[in-house]
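The values are calculated or read from the model by the stated rules, or taken from the named source; none is laboratory data. Just so you know, these numbers come straight off a predicted model, no measurement behind them. Note: ideal-geometry Cβ built from the backbone for every residue, glycine included; neighbour counts use all protein chains shown.
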Amino acid sequence: MTLQYPHRQKQLQNLVQKLGLPEQTPIQWQLLDLALTHSTVSATANYEQLEFVGDAVVRLATAVFLLETYPELPVGEFAAIRSVLVSDRILAQLAAKYRLEHYLLVSDSALKDKLGQESRLADSFEAVLAALYLSTQTLTLVRPCLDHHFQQLVTEILNDPARQNYKAALQEWSQGHYKTLPEYRVIQARQVQDKDQGQRFTAEVWLQNECLGQGSGRSIKAAEQAAAQVAFTLVSKRL
């Protein structure tokens, strides 16, 4: 069943084409429309419930992809790689590739929140994947949106000794060498103007009374990950 509004129906059909799905794809258009409606537009009819389902869908699709494509990898590697692929950072990047922001119904006030852009894109992309899954009750429409991106990303991850999760890699290193965990300190949290898309937080990572690295990011988590990357690069050179 098509939507009541022809303009919105045309928009969503264009998105389906961008996703690389066939023209006659059996889409539940009402679900896809809901998946691209932010809570600032409707407090009740928005993507939040679909995003909850989509979180499970993307994890399942990623697990199946890894099992089929890299059957030789141990399950520990599967877990490490999947944690990167399903992160907000990666999902937001994929959403941006599909220009999902052009189809997302969101208030002007929310659009001014540049720091929330990554989570909005990641959440809406998960909701879209949920809508695709629920349209067929299979991964048939989901995997074409993910697999070819994952192929390149996994190659990059496998070439990185830290598997692009520097906090986990640094933690494992510090426990192995000192039987203790690194400490993260947020040393700066500045106010960000609406048009400022810079780095808001700065963090340091300390171990054995030594500052091993400093990094910045739009969130505390991102800043800590950046600091951990600097630190892990440093300690790797000491090995």
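Just one of the listed residues (THR180, THR140) is in a loop (DSSP other than H, G, I, E, B), at pLDDT 90 or above, out of contact with any Leu (no Cβ under 6 Å at 6 or more places or on another chain) and assigned by TED's automatic domain parsing to the domain that holds ALA227, and it is THR180. If you filter the range 31-49 down to residues that are at pLDDT 95 or above and farther than 13 Å from ALA110 by Cβ, you find that the one that is surrounded by the fewest Cβ atoms within 10 Å (Cβ to Cβ) is GLN49.
For the range 61-79, the set of residues classified as among the aliphatic types (A, V, I, L, M), surrounded by fewer than 19 Cβ atoms within 10 Å (Cβ to Cβ) and assigned to a helix (DSSP H, G or I) consists of ALA63, VAL64, LEU67, VAL75, ALA79, listed by residue number. The set of residues in the range 206-229 that are of a type in the set (A, V, I, L, M) and buried (at least 19 other Cβ atoms within 10 Å of the Cβ) comprises LEU207, LEU212, ALA222, ALA223, ALA226, ALA227, ALA228.
Quick one: would you say THR44 is of a type in the set (Ser, Thr, Tyr), out of contact with any helix residue (DSSP H, G or I) (no Cβ under 8 Å at 6 or more places or on another chain) and within 27 Å of ALA222 (Cβ to Cβ)? Here the answer is no, as THR44 does not meet what is asked. Scanning the range 36-55 for residues that are small (Gly, Ala, Ser) and not in a loop (DSSP other than H, G, I, E, B) returns a single hit, GLY54. Inside the range 153-170, residues that are surrounded by 16 or more Cβ atoms within 10 Å (Cβ to Cβ) and in a helix (DSSP H, G or I) make up a count of 8. ALA35: closer than 13 Å to LEU129 by Cβ, out of contact with any Lys or Arg (no Cβ under 8 Å at 6 or more places or on another chain) and of a type in the set (A, V, I, L, M, F, W, C), yes or no? Criteria met by ALA35.
If the condition is being at positive phi and in contact (Cβ under 8 Å) with a residue 40 or more places away in the chain, then the range 118-167 contributes ARG163, GLN164.
Yes/no per residue for (1) of a type in the set (A, V, I, L, M, F, W, C); (2) out of contact with any Asp or Glu (no Cβ under 9 Å at 6 or more places or on another chain):
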site: SER107; (1), (2): no, yes
site: ALA127; (1), (2): yes, no
site: THR136; (1), (2): no, yes
site: LEU139; (1), (2): yes, yes
site: CYS145; (1), (2): yes, yes
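For the criterion of being of a type outside the set (A, V, I, L, M), in contact with a Gly (Cβ under 8 Å, 6 or more places away or on another chain), assigned by TED's automatic domain parsing to the domain that holds VAL64 and crowded, with 21+ Cβ neighbours inside 10 Å, PHE150 fails.
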